[in-house]
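The values are calculated or read from the model by the stated rules, or taken from the named source; none is laboratory data. A quick note: this is a predicted structure, and the numbers were derived from the prediction, not measured. Note: ideal-geometry Cβ built from the backbone for every residue, glycine included; neighbour counts use all protein chains shown. Remember, those area values only see protein heavy atoms, side chains included, never the ligands or the DNA or RNA. Shrake-Rupley method; radii C 1.70, N 1.55, O 1.52, S 1.80 Å.
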Amino acid sequence: AQSVAQPEDQVNVAEGNPLTVKCTYSVSGNPYLFWYVQYPNRGLQFLLKYITGDNLVKGSYGFEAEFNKSQTSFHLKKPSALVSDSALYFCAVRDSGDYKLSFGAGTTVTVRA
Amino acid sequence: ETGVTQTPRHLVMGMTNKKSLKCEQHLGHNAMYWYKQSAKKPLELMFVYSLEERVENNSVPSRFSPECPNSSHLFLHLHTLQPEDSALYLCASSRTAGAWPEAFFGQGTRLTVV
């Protein structure tokens, strides 16, 4: 069985401040980890992934995420948030070689000017 | 534009109607998914097709019937739905192996059952 937990329903930050969105996962094999963003009335947009290699992965729009195997975490970060980063963020996991993609409940990010 | 196209974007249907949602991808992916996104609920995986074979059916009511005629197309047939079925239905596709396993999503179909 696999699962994803996003412990925060909502994250509020001021523009220019660092942004962190937390994610922990559970999977029986090797994890493939993903972050997606969803803007209002839109589908999910892929941000970044961890497959193997460097624990720090960089993605679109200045986002990055750090894979921590011992803590089974994959937190999303951005050094300086923008108002336009306000959206719903989803963490997802897949067992390598499997097809089933499981999502967290999502975290709403609000960046105030 | 993700390469996954869903039609229609919006659908209003009565409880006795029959309608179908369509999803199309030409990314060479071999897995396709239907997800249901309801307000204030986690994304629910409904069905997964891998190489045109249904491999996952997460206890979805029979009023939802998927069809995958080939690796590029996925349908969700709807029949005698309930108001609580109103939601955003998202289609996605991915490779099941290789260096690019991320799923790409369509824009979704906003379904309202009246």
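Descriptive notes on the structure:
- With each label modelled as a point 7 angstrom along the Cα→C-beta vector, the B:His79-A:Val83 pair spans 5.1 nm.
- Computing Rg and the Kirkwood Rh from the Cα coordinates of the protein assembly as shown gives a ratio, Rg/Rh, of 0.97.
- Inter-part distance where segment B:37-114 and segment A:1-21 are each reduced to a Cα centre, Å: 26 Å
- Over all other residues within a Cβ to Cβ distance under 11 Å of A:Ser28, the charged ones net out to -2, with Lys and Arg as +1 and Asp and Glu as -1.
- Working from label points 7 Å from Cα in the Cα-to-Cβ sense, the B:Met15 to A:Asn55 distance is 5.4 nm.
- Over all directions, the projected convex hull of the C-alpha atoms in segment A:14-102 averages 6.0 nm² in area.
- A:Asp95 accessible area, 1.4 Å probe, all protein chains in place, Å² to nearest 10: 30 Å²
- Charged neighbours of B:Gln37, selected by a Cβ distance under 13 Å, balance to +3 (K, R count +1; D, E count -1).
- Accessible surface of the protein assembly as shown, 1.4 Å probe, proportion on carbon and sulfur as whole %: 49 percent
- Accessible area per residue in Å² at 1.4 Å probe, computed on chain A: 46 Å²
- Of the residues A:Tyr39, A:Cys23, A:Thr110, the one whose Cα sits farthest towards the positive end of the charge dipole of chain A is A:Tyr39 (charges of +1 on Lys and Arg Cβ, -1 on Asp and Glu Cβ, taken about the Cα centre).
- Cα-Cα separations in segment B:15-84 greater than 21 Å, expressed as whole percent: 26 percent
- Interface area, A with B, accessible, probe 1.4 Å, both sides summed, Å² nearest 100: 1900 Å²
- Occluded residues from segment A:8-44, i.e. those whose accessible area drops by 20 Å² or more once the chain is not alone (1.4 Å probe): A:Tyr32, A:Phe34, A:Tyr36, A:Gln38, A:Asn41, A:Arg42, A:Gly43, A:Leu44
- Computed from phi, the 3J(HN,Hα) profile of segment A:4-16 under the Karplus parametrisation 6.51, -1.76, 1.60 (θ = phi - 60°) reads 9, 10, 10, x, 10, 5, 9, 10, 10, 9, 8, 4, x Hz, with x in place of Gly and Pro.
- Hydrodynamic radius of segment A:67-113 per Kirkwood, over alpha carbon pairs, in Å: 12.8 Å
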